[in-house]
There are 2 protein chains.
Amino acid sequence: MKESLDFIYKEQKELSHFGGIAALLGWDQMTYMPQKGSGERAEQLSMISRLAHERVISDEFYNHLKKLDELSNTLTEKDRIIVTKLKEDVEKARKVPSAFVEKMSKTTSLAYTAWEEAREKNKFSLFAPHLEKIIELEKQYCDYIKLPGHPYNSLLDDYEEGMTVDILRKEFGALRPQLVEILKKITTSAVYQKQQPVKMKLGVDQQKELCSILLKQMKLPADRSRLDVSTHPFTTTMADDDVRITTNYEREGLLSSFFSTVHEAGHALYELGLLKGEYKNTVISDAPSLGIHESQSRLWENMIARSKPFWTYFAPMFNKIAPDICKGMNKEVWYHAVNQVRPSFIRVEADELTYCLHVILRFELELDLIEEKITVAELPQCWNEKITDFLGITPKTDTEGVLQDMHWSGGDFGYFPTYAIGTIYASQLFKQFLKEHTTMRKKISQGNFTAILNWLSEHVYQYGRLMTADEIIKKTCGEGLNSKVFVTYLKEKYYLLYEV
Amino acid sequence: MKESLDFIYKEQKELSHFGGIAALLGWDQMTYMPQKGSGERAEQLSMISRLAHERVISDEFYNHLKKLDELSNTLTEKDRIIVTKLKEDVEKARKVPSAFVEKMSKTTSLAYTAWEEAREKNKFSLFAPHLEKIIELEKQYCDYIKLPGHPYNSLLDDYEEGMTVDILRKEFGALRPQLVEILKKITTSAVYQKQQPVKMKLGVDQQKELCSILLKQMKLPADRSRLDVSTHPFTTTMADDDVRITTNYEREGLLSSFFSTVHEAGHALYELGLLKGEYKNTVISDAPSLGIHESQSRLWENMIARSKPFWTYFAPMFNKIAPDICKGMNKEVWYHAVNQVRPSFIRVEADELTYCLHVILRFELELDLIEEKITVAELPQCWNEKITDFLGITPKTDTEGVLQDMHWSGGDFGYFPTYAIGTIYASQLFKQFLKEHTTMRKKISQGNFTAILNWLSEHVYQYGRLMTADEIIKKTCGEGLNSKVFVTYLKEKYYLLYEV
């Protein structure tokens, strides 16, 4: 037993190292790598992934786990928890043949290149045959995993353990018409009619200074993290004490770097705060789901950084650092500016209200594709119809529509829903937090986020994978995923903003 | 045969990837890694080194190589060259037991910490017992490798293949008294007596701009390289098309960042120019020795960037970018300023003339330690006596003397000589180059380095390990290592500068 325990702990530790190394290879690729380094970098990354995957699915690893599982009642509680979770993960990974993993990797690699070309030329037909192959592989994958219920459950489960199509159909089915309704009320309001787009671009140095103040207030530890620059902002973890975020100071849009920094810092605080101690370098020291992860970034980005008290503190900061550009912007003006609703085509640029509609659209289309209700050839048309239905606007090109992002070329089916799940979770967590901390708005208006950090640490960070996402939300908020809370939050905020 | 060839090519490629990954982990540690990331980074690095080492010494690899070696006369020339060199490398690596490698790694890790403390407290006795252990291990290592002649040959060979104590004793034995003699003539000259230290510190932005101009003139390809910041400047290779150098803008000393950038760019140009094509990702696409590598950095740093024509081009650049600081500095003043001779204690800050004396001092002390002519306890005293002999100055503390750098704590015995070998090679290469290119000084004075780059590519870069260092120098310069050429170069330059 001792030998098996030693083996699985060593293996988990080395798998953590493989993960950290892959994260560094990826981070560097997105931030500092010279342009021509990309060819060999791809090979280095794929070698590391293969070596790690070989270990996860090795018979030696599995035999040790089976042995420990049989001796389960003689294990300490900690060991038992780890063995159980690890065996689940390993059994799932072993369901998928290595040849399939390699085929998927090659297919998506070609699909990515095709997608880039299709997007540039606005020609969906260049991408379509690749997407068809990917969908075939996704269905094949569902066959390997074979979770109960809808085949798509097997895809969902990779990102949101335990989540099902039934639950999401219910929640998204209720959420979607309400979002459309709120949006309609807003776009027909007098305030909306008079609304002017906020055109404002801070200098790079000004943006940097503001991001630096922000991270200090959010207490992101400087000796355990960094902020760098990449085209698309992201968060990545090299080690327990080395979590990095990126932003982009050149992006269009009001305060894009500032809000992406809040968002990624929310992810990073979670990663840095995750359960460690005796669970360090084990399968338990991780997030239970992407939805929970996203709830942490959305909570900071939307519930906090787009709240009025937040701008009580930050409006003077902006005015101080960029007095010319921010002239006449008091906290009220800022609050309105950062909460403008404006239906648009591109998900990543969407406002807080319409964002989830973009996500639900993908979920519905993914289900239709997996269920063979629609063909890939029909996809652009279906996309355009849906977005017209949801947002009242119609893309002029497929680049603005179905080709807008790379996710489908990467085979990330089942992934989009986590964005909406995270947003709903965020609203539930924030509601509960405000109930427990009645003076919170005042503290936020002083730039003091200690209470929320401590609360998140106690109610989310510290669990790691000791509980599922659903269990964490139920324990903290008294109920599981509930989009009604999100709808109430939106109505309270946006009806007031738009005087509806 | 096909199977064995496939195996060894795949293995070399993956070993290149391991090397590139380790390089990135190390580069990041020195440049961007958050402070607290160091613990897990050390584990990641040691895991990668272990995995690579396991492959190098694996029986499977060796058996394929032996098989191919037996079939040697049926191989293509390229395959034969690769198999021969690879088998040599692998056989050498297999002489050293893994347990020894691990023991050395642990010993040097503890020794590094002890050295840091000893240096800070100026207390050699804290470091001494660790150094004793390291020297025992070095001797053990010589026993494993067992090259003919002096035991130290086995240490030298790791850095300078084929180099021996006999050759170095002859060359360094001749070089040392001549350097001391030149130094004496200079320090007693009237020019030296009147010489004022050049105190000048450019702003970080000014230094950056000058380094950027420099790299552009040196034609370091921007899409295949980068310049970053670290405490100690270095060059490292992530991939064939991704070589990175660092500098330090905060260091004391005249133009420290500028000269370290020239130096590292010299290394980087070599790495980027190394034999590729059919030899890409093989054991042949590498430098044959550290001496040859160092010859590339020293040639650019000293023979070019400390030459008068170089300052014909760069003096106006400096004056343009930092007009206040560089007021009154014409090319003559610059030339004198960057070539001041000034005996000092710290090797890395030494001038061109005295630098090799620091290196020869280490070589002599390493030999004495390996031959047990002196004990570790006597080392500080011996150091001080030697440096007094060589440079006429005596360290006041061991931190200024024997504890000044970390190399011995890392077990790098046999490594120091390559600095002097490289410097001598550089003078030989440069002499030959000038003989073939009579208009070169004029081109350098126009900031045009194309001819020297092409010449180095043809005479050094393109060989990779197809020839040994000695063969490259002999083929190009008509003779092997010859310190007389270096002495002549020094006399011509410094007697004129100091009007001796």
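Figures for the structure shown
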item	result
Taking B:Glu160, A:Glu181, A:Glu171 and counting other C-beta atoms within 10 Å, the order from fewest to most	A:Glu181, A:Glu171, B:Glu160
Ascending count of other beta-carbon atoms within 10 Å, so fewest first, for B:Glu116, A:Glu352	B:Glu116, A:Glu352
Around A:Gln404: net Lys/Arg minus Asp/Glu count, Cβ-Cβ under 12 Å	-1
Cα gyration tensor shape of the range B:345-500, rounded if a/c is under 1.5, else prolate or oblate by comparing a/b with b/c	prolate
Share, in percent, of DSSP beta bridges within chain A that are antiparallel, nearest 5	50
Linear extension gain, A:Met30 paired with A:Ser230, 0.36 nm per residue minus alpha-carbon span	71.4 nm
Kirkwood-based shape ratio for the protein assembly as shown, expressed as Rg/Rh from alpha carbons	1.01
Within-12-Å neighbourhood charge of A:Val333 [Cβ basis; K, R +1; D, E -1]	+2
Neighbouring partner chain Cβ atoms per residue of A:27-40, average, 10 Å criterion	6
Sparsely packed trypsin sites (Lys or Arg not before Pro) within the range B:36-114, loop by DSSP, other Cβ within 10 Å at most 15	B:Lys95
Alpha-carbon gyration tensor eigenvalues x 5, square-rooted, for the range B:131-198, Å	38, 16, 9
Qualifying trypsin sites (Lys or Arg not before Pro) in the range B:180-217, DSSP loop, other Cβ atoms within 10 Å at most 15	B:Lys199
Antiparallel bridges, percent of DSSP beta bridges restricted to the protein assembly as shown (to nearest 5)	50
For the range A:2-94: rounded, prolate or oblate by the Cα gyration tensor [a/c cutoff 1.5]	prolate
Kirkwood Rh in Å, taken over the range A:89-182 so that all alpha-carbon pairs contribute	15.5
Straight-distance crosslink candidates among lysines, where the alpha carbon sits under 28 Å from A:Lys185 and sequence neighbours closer than 8 are dropped	A:Lys170, A:Lys194, A:Lys199, A:Lys308, A:Lys331, A:Lys386, A:Lys396, A:Lys431, A:Lys484, A:Lys491, A:Lys493
Spin-label proximity, A:Val180 to the range A:393-408 - amide N less than 17 Å from point 7 Å beyond Cα toward beta carbon	A:393-395
Alpha-carbon Rg with Dmax, taken over the range A:229-284, Å	13.6, 45
Computed [θ] at 222 nm, deg cm²/dmol, chain B (DSSP H ≥ 4; -39,500 (n - 2.57); rounded to nearest 500)	-20500 deg cm²/dmol
Partners for B:Lys66 among lysines (Cα-Cα distance below 28 Å; same-chain residues under 8 apart left out)	B:Lys2, B:Lys10, B:Lys13, B:Lys78, B:Lys85, B:Lys87, B:Lys92, B:Lys95, B:Lys146, B:Lys276, B:Lys280
Residues B:Thr354, B:Thr261, B:Thr76, A:Thr187, sorted so that the one with the fewest Cβ neighbours within 10 Å comes first	B:Thr76, A:Thr187, B:Thr354, B:Thr261
Computed over the range B:40-81, Cα set: Rg, Dmax in Å	15.4, 48
Simple label model, 7 Å out from Cα along Cβ direction - B:Lys443 to B:Thr188, nm	4.2
Taking all pairs of distinct alpha-carbon atoms in the range A:183-292, Kirkwood radius in angstrom	16.0
At 7 Å out from Cα toward Cβ: A:Pro177 inter-copy label distances (nm, ascending)	10.3
Convex hull volume of chain B per residue (C-alpha atoms, cubic angstrom)	151
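Every number in this text was worked out from the coordinates using simple rules, so none of it is lab data. None of these values were measured; they are calculated from a predicted model. Heads up, the Cβs are rebuilt from the backbone with ideal geometry, glycines too, and the neighbour counts pull from every protein chain shown.
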